[in-house]
Each structure stands twice: as C-alpha cells, then as structure tokens.
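Comments concern the structure below.
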Amino acid sequence: MTAGSPLGLPTIQRNLLAKGTRHPGVRWLTTYDVNDIVALGHPLESGWGTPLSQIEVENRDTPHAIDRYLRHRTVAGPIGNACA
C-alpha cells in the first residue's frame, strides 16, 4: 500500500527500479490526493501495470498528511482487512 507516493515521477522510477521492472508483482493499493504535490504522476496504472488498485481521495487543506489518507474508509478498510 502506498499513500501520497511520488512513484509516478520518472526520476523516482529511474532510481528505484531495475531495468524493465514496473510492478512489485503483488496486489497493490495506492491512494493519492490530486492536490498532494508529492503524489505527482498519479494515477499510476499506465506506468506500473496491474494488479494495481488506485483510490483518489480529497484530503482538504493538508493533502499529504498520512492521517488524512487513513481517515478514508476506502483506504483504511483494505489495510485493516490485510492485517486481519
């Protein structure tokens, strides 16, 4: 699970990925706020492939705050289910 991740940026991709790698090979949930400047490059599906679930949220006045991301039921629910 990633939240407010900069993984959509080519510079980040070049520094993190082995050549040709575009997906970690596991189910992946990513969430982003379109106003979160760290999460530039979302949605990620076109560059990273599947299986990838993406959730766009609205974090209001603090778009990169992790507590705001986790307050969304659509984000917290899958995390809770994975921990159960």
Carbon and sulfur %, accessible surface of the chain computed with the full protein complex present, 1.4 Å: 56 percent
Using a 1.4 Å probe, what is the accessible area per residue for the chain, in Å²? 65 Å²
Taking the chain and dividing mean pair separation by its residue count, relative contact order in percent (alpha carbons under 8 Å, at least six apart): 31 percent
Can you tell me the length gained on complete extension of the stretch Ala84 to Val34, counting 0.36 nm per residue apart and subtracting the Cα distance? 15.0 nm
Taking the Cα atoms only, what angle lies between the long axis of helix 73-83 and the longest principal axis of the chain, rounded to 10 degrees? 70 degrees
When the chain is treated as a Gaussian network with springs between alpha carbons less than 10 Å apart, the largest mean-square fluctuation among Asn59, Asn15, Asn35 is found at Asn15
Given the protein chains as shown and a 1.4 Å probe, how many square angstrom of Trp28 are accessible, to the nearest 10? 20 Å²
Can you put Tyr32, Tyr69 in order of accessible area, largest first, using a 1.4 Å probe? Tyr32, Tyr69
Accessible area of Ile37 in the full protein assembly, 1.4 Å probe (Å², nearest 10): 130 Å²
In what order, largest first, do Asp33, Asp61, Asp67 sit by accessible area if the probe radius is 1.4 Å? Asp61, Asp67, Asp33
In whole Å, what is the distance between the alpha-carbon centres of the range 26-47 and the range 51-84? 12 Å
Accessible area, probe 1.4 Å, largest first, for residues Ser53, Ser5: Ser53, Ser5
Mean residue ellipticity (222 nm) of the chain, computed from DSSP H runs ≥ 4 via -39,500 (n - 2.57), nearest 500: -8500 deg cm²/dmol
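The values are calculated or read from the model by the stated rules, or taken from the named source; none is laboratory data. The model shown is predicted, which means the values in this text are computed figures rather than measured ones. These accessible areas exclude ligands, DNA and RNA; they are computed on the full protein's heavy atoms, side chains included. Shrake-Rupley method; radii C 1.70, N 1.55, O 1.52, S 1.80 Å.
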